[in-house]
Structures are given as structure tokens and as C-alpha cells.
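Data first, discussion second: the structure below is written as C-alpha cells.
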Amino acid sequence: MSRTILILLAAGGSAALLAGAFAFQHLGGYAPCQLCLLQRWPHAAAVVIGALALMLKGRTLPVLGAMAALTTAGLAIYHSGVERKLWAGPSSCSSGSIEGLSVDQLLDPTIVVAAPVPCDAIVWQMAGLTMPNLNALASLALAVIWLLAATRARRRPYEKGR
């Protein structure tokens, strides 16, 4: 496959994963947790990198695309471990308590606090795989596609001997 096709597949894959995440959120009613939101940013970066890589030649942008995909995969693996209670997640989005709050604070109508979506709860799964599990697997595959695109890049004249 050509560099262009591989870039379209990799960037398109990230765009599809983002679209899926937004569909689960807005159509399916699954509010994202803090770690879910973090996993979206490298996919967005990969889409931008893909657009640039289609306009500019060389290996640098496909390698950056692979790094973005690997970053998302790393975050998804971390999130998967948090969901499975293999390690603790961030205190800002793991199941917490209202311990330490007074009755007055809890009943104060002027304080509107939305409870954060817990990162350590499995809210959806298919065949035993959760959304972060699927994101990790897909992101690792996208990283491979990005790296294949980097190998298809033409060398610049000053890189001949390398």
C-alpha cells in the first residue's frame, strides 16, 4: 500500500474512533470519564497530523502519528487497569465518597455539584472488552499503520546514506 493510503487509514481510523466516542456520548447517553476524555486528544492530534502528512512528504509526520496512537493506547491500557481494579486511578475520577461534608453542605441548594463520572466503573462492554480495551487494541493497530506509512516515505536527498 502507498504512503497516502496508509495515512488515510491511520488518520481515518482515529477519526472513526473519535466519532464512535462522540456517538456513545451523545446518542447512547454514556457520559465520558476524565480518562475517556484524555484518550480523545491524541486521536484528534492524529487526525491533524494525517492532514498535514498528506500535504507534506517525509517520515516525521507519520512517526508523530504513531506516537499519538501509542499515547492513546497507553492511556487506554492505564484506564483498562483502573476499570479492572488492577491499580488506582486518579482520585478526581475514581469512586469516592462524600465523607467529610457536613449535612448543611450536602443540603445547600445554592451548591450545584455534578458528580464526576467514575473512571473505575465499567459502563459498557462487548464480549468482555470495555471501551478502553477496544481503544487500546485499535490504537495499537493504528500505530502499526502509521509506522508502515513512515517506511513508505521517500528519503530526502540528504538522507541517502542512512
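The values are calculated or read from the model by the stated rules, or taken from the named source; none is laboratory data. These numbers were taken from a predicted model, which means no experiment stands behind them. Glycine also receives a Cβ, built like all others from the backbone with ideal geometry; neighbour counts cover every protein chain displayed. The area values use the complete protein model at the heavy-atom level, side chains included, leaving out ligands, DNA and RNA. Shrake-Rupley method; radii C 1.70, N 1.55, O 1.52, S 1.80 Å.
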(message) So HIS26 passes all but one of these: (1) under 13 Å from the mean Cα position of the chain (by Cα); (2) within 24 Å of GLN125 (Cα to Cα); (3) open to solvent by 50 Å² or more (accessible area, probe 1.4 Å); (4) modelled with pLDDT of 95 or more. Which condition number does it fail?
(response) (1)
(message) Among the residues in the stretch 99-117, are any under 30 Å from GLY12 (Cα atoms) and at pLDDT below 95?
(response) yes
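How about the stretch 48-63: which of its residues are open to solvent by 40 Å² or more (accessible area, probe 1.4 Å) and touching a residue at least 40 places away in the same chain (Cβ under 8 Å)?
Within the stretch 48-63, ALA51, LEU54, LYS57, ARG59, VAL63 meet the criteria.
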(message) Checking the conditions here, which among ALA66, ALA45 is surrounded by 16 or more Cβ atoms within 10 Å (Cβ to Cβ), modelled with pLDDT of 95 or more, of a type in the set (Gly, Ala, Ser) and touching a Leu at 6+ places or on another chain (Cβ under 7 Å)?
(response) ALA66
